[in-house]
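**Student:** The structure under discussion is supplied below as structure tokens; questions concerning it will follow.
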Amino acid sequence: MSDIFGNEPVWVIILKAVLIFAFLLVYTLFNIWFERRVVARMQHRVGPNVNGPFGLLQSLADGVKLALKEDIIVKAADKVVYILAPILATIPAFLAWAVIPFGPEARIPFTDTVTPLQLTDLPVAVLYILAVTSIGVYGIVLAGWSSGSIYALLGGLRSSAQVISYEVAMGLSFVSVFMYAGSMSTSEIVDAQTDLWYFLPLFPSFVIYVIAMVGETNRAPFDLPEAEGELVGGFHTEYSSLKFALFFLAEYVNMVTVSALATTLFLGGWRAPFGIGTVWAGANEGWWPVLWFFLKTLGFIFFFVWLRGTLPRMRYDQFMNFGWKILIPVSLVWIIAVGLIRKLKSEDMLGQDALMWFAIVAGVLILATFLIPEKKPEPEPEPDAVEFDAFAGGYPVPPMGDQVLPATTDRSTS
């Protein structure tokens with residue numbers, strides 16, 4: 001971890017904070033446009049192409065439209081919590097970027113100041129990201145509770161159960177990274193991947209994290225808290241105007257956050273892709289690493305969009321069973337395996353090539369277990385029918401369960 005952190009001028013810290021905030025806002029507008037264009041291409045449509053070149057200003061137009069819409073507060077809402085909930089959901093999404101490294105040390109243009117391309121770092125930076133991002137679910141739960149709507153309340157409860165379930169699996173996937181890097185600092189984890197990116201030796205952890213990050217961000221096929229067919233719109237059903245826009249912003253910033261974290265922990269962070277660094281000596285110097293970091297996160301954003309355009313929504317019981325009965329047990333077994341592998345490697349009993357092949361085979365087996373069909377319970381035998389008098393209470397009621405109406409005689413006359 002660099003000694004510069006904590007000793008920089010105040011204007012440098014403010015400048016980096018403003019640039020990170022501006023980057024996330026612009027990246028969010030771009031991602032909305034990017035998602036529409038990719039899904040449109042998958043569905044043989046045109047997508048946004050009118051506002052600005054290639055329709056790039058369509059997201060900005062949507063933001064202006066949301067800002068100008070009437071702001072409605074429902075009558076049954078708890079107004080204070082109702083207003084604070086979208087703010088509470090949005091702010092943690094930005095705070096997580098305080099410890100994400102964009103690149104190495106670089107010189108600020110038009111000055112002689114050299115600074116790390118990272119706002120700050122901590123010895124437990126990854127745990128800080130987990131703690132901050134988990135606060136965002138409070139905004140969703142409080143939004144559902146304060147709206148005074150049963151649909152919004154159910155969406156908030158679903159979201160809390162979903163985040164708890166998949167955050168456990170996500171946290172367990174980080175343990176193997178900590179064991180390999182020997183640190184929880186994001187900058188030190190990136191430095192530890194100078195020779196080998198961790199998605200190769202820790203491929204099962206990478207697979208588990210990628211699945212868990214989709215569940216964490218409430219994206220399809222795990223978008224159960226805002227299932228339109230069941231809950232109208234979920235936790236934000238009763239929101240409009242800028243408050244709805246804040247929830248929308250929080251979702252897309254969280255997508256970028258989990259993508260950046262995956263890039264940092266498993267794909268070498270800001271380092272140039274394989275081969276470029278060996279051919280071009282300056283690929284990992286100056287401001288070029290910011291480009292590699294952006295392209296890697298964009299690859300994960302494409303993965304999010306690809307899933308949305310490909311897979312249908314899961315049933316809620318399938319989703320929870322998948323998290324608790326598959327991802328978490330597999331994560332625990334893999335942590336034990338990584339500990340054993342590290343012990344064998346420290347005693348020169350296991351080579352690097354054998355380790356990589358072991359990780360790849362383990363990752364393929366994990367993916368194969370996801371394709372095993374769910375075992376359906378045996379159908380219970382039908383009970384004997386019981387004759388039921390529909391008029392016993394003085395007015396007709398329909399039969400229920402194993403009850404049947406008695407046979408009636410035909411009283412029609414000629």
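The values are calculated or read from the model by the stated rules, or taken from the named source; none is laboratory data. In this text, all values refer to a predicted model and were calculated from it rather than measured experimentally. Counting neighbours? That spans all protein chains shown, and the Cβs are built from the backbone with ideal geometry, glycine included. Quick note on the areas: whole protein, heavy atoms, side chains included, nothing else; ligands and nucleic acids left out. Shrake-Rupley method; radii C 1.70, N 1.55, O 1.52, S 1.80 Å.
**Student:** Suppose the chain between residue 200 and residue 325 were pulled fully straight at 0.36 nm per residue; how much longer would it get relative to their current alpha carbon spacing?
**Tutor:** Here the segment from residue 200 to residue 325 would lengthen by 42.5 nm.
**Student:** Next question. Just to be sure I understand, if you calculate Rg and Dmax of the Cα atoms in Å for this structure, which of (i) 26.4, 109; (ii) 20.0, 66; (iii) 22.1, 81 do you get?
**Tutor:** (i)
**Student:** Helix 352-370: angle to the longest alpha-carbon principal axis of the chain, degrees 0 to 90, nearest 10?
**Tutor:** Rounded to the nearest ten degrees, it is 20.
**Student:** Which is farthest toward the positive dipole end of the chain among 404, 155, 258, measuring Cα position about the Cα centre, with Cβ charges +1 (Lys, Arg) and -1 (Asp, Glu)?
**Tutor:** 258
**Student:** Using only Cα atoms, tell me the angle between helix 58-68 and the longest principal axis of the chain; keep it within 0 to 90° and round to the nearest 10.
**Tutor:** On a 0 to 90 degree scale, this one is about 60.
**Student:** If I stretch the segment between residue 64 and residue 179 completely, what's the gain in nm (0.36 nm per residue apart, minus their alpha carbon distance), one decimal?
**Tutor:** 36.7 nm
**Student:** Please state the shape class of segment 2-98: rounded when a/c is under 1.5, otherwise prolate if a/b exceeds b/c and oblate if not, all from the C-alpha gyration tensor.
**Tutor:** Here segment 2-98 falls in the oblate category.
**Student:** Residue 106's amide H: which non-local residues (gap 5+, or another chain) put their own amide H closer than 5 Å, with H modeled 1.01 Å from N in plane and none for Pro or chain starts?
**Tutor:** Hits under the 5 Å cutoff: 115, 117.
**Student:** Compute the accessible area per residue over segment 189-269, keeping the other protein chains in place, probe 1.4 Å, unit Å².
**Tutor:** On a per-residue basis, segment 189-269 sits at 24 Å².
**Student:** Short version: ³J(HN,Hα) in whole Hz for each residue of segment 131-138, in order, from phi by Karplus 6.51 cos²θ - 1.76 cosθ + 1.60 (θ = phi - 60°), x for Gly and Pro, what are they?
**Tutor:** Whole-Hz 3J(HN,Hα) from phi for segment 131-138: 5, 5, 5, 6, 5, x, 5, 4.
**Student:** Specify whether the C-alpha gyration tensor of segment 6-57 places it in the rounded, prolate or oblate class, a ≥ b ≥ c being the square roots of the eigenvalues: rounded for a/c under 1.5, otherwise prolate if a/b is larger than b/c and oblate if not.
**Tutor:** It is prolate, given that a/c is not under 1.5 and a/b is the larger ratio.
**Student:** Order of 73-85, 187-199 by packing, highest average Cβ count within 10 Å first?
**Tutor:** Taking the mean over residues of other Cβ atoms within 10 Å, the ranking is 187-199, 73-85.
**Student:** Given 0.36 nm per residue, what is the gain on full extension from residue 42 to residue 26 after removing their alpha carbon distance, in nm?
**Tutor:** Gain in length upon complete extension: 3.3 nm.
**Student:** Classify segment 61-102 as rounded, prolate or oblate, taking a ≥ b ≥ c as the square roots of the eigenvalues of its Cα gyration tensor: rounded when a/c is under 1.5, otherwise prolate if a/b is larger than b/c and oblate if not.
**Tutor:** Note, shape of segment 61-102 comes out oblate.
**Student:** A further question follows. Could you tell me the relative contact order of segment 58-136? Use alpha-carbon pairs under 8 Å, at least six residues apart, and round to a whole percent.
**Tutor:** 30
**Student:** Here's something else I'd like to know. Counting alpha carbon pairs within less than 8 Å and at least 6 residues apart, what relative contact order, in whole percent, applies to the chain?
**Tutor:** 18
**Student:** Starting from the Cα of residue 242, step 7 Å along the direction of its Cβ; do the same at residue 404; then give the gap between the two resulting points in nm.
**Tutor:** Result for the modelled spin labels: 6.6 nm.
**Student:** Which of 200, 248, 357 sits closest to the plus end of the dipole of the chain, meaning its Cα is farthest towards the positive end, when Lys and Arg get +1 and Asp and Glu get -1 on the C-beta?
**Tutor:** Going by the charge dipole, the pick is 248.
**Student:** Among the lysines, select those whose C-alpha is under 19 Å from the C-alpha of residue 325, and discard any that sit fewer than 8 residues away in the same chain.
**Tutor:** 375, 376
**Student:** If you plug each phi of segment 155-164 into the Karplus form 6.51 cos²θ - 1.76 cosθ + 1.60 with θ = phi - 60°, what whole-Hz ³J(HN,Hα) values come out, in order, with x for Gly and Pro?
**Tutor:** Running phi through 6.51 cos²θ - 1.76 cosθ + 1.60 with θ = phi - 60° gives x, x, 5, 4, 5, 5, 5, 5, 5, 4 Hz.
**Student:** May I ask you to derive the FRET efficiency for residue 56 and residue 17 from their Cβ-Cβ distance with R0 = 35 Å, giving the value to the nearest 0.05?
**Tutor:** That gives a FRET efficiency of 0.85.
**Student:** Just to be sure I understand: with springs between alpha-carbon atoms less than 10 Å apart, which residue in 119, 367, 154 has the highest mean-square fluctuation in the Gaussian network model of the chain?
**Tutor:** 367
**Student:** Can you give me the solvent accessible area of residue 145 with a 1.4 Å probe, rounded to the nearest 10 Å²?
**Tutor:** For residue 145, the solvent-accessible surface is approximately 140 Å².
**Student:** Continuing with this model, one more query. Once label points are set 7 Å from the Cα along Cα→Cβ at both residue 113 and residue 4, what is their separation, rounded to one decimal in nm?
**Tutor:** 1.1
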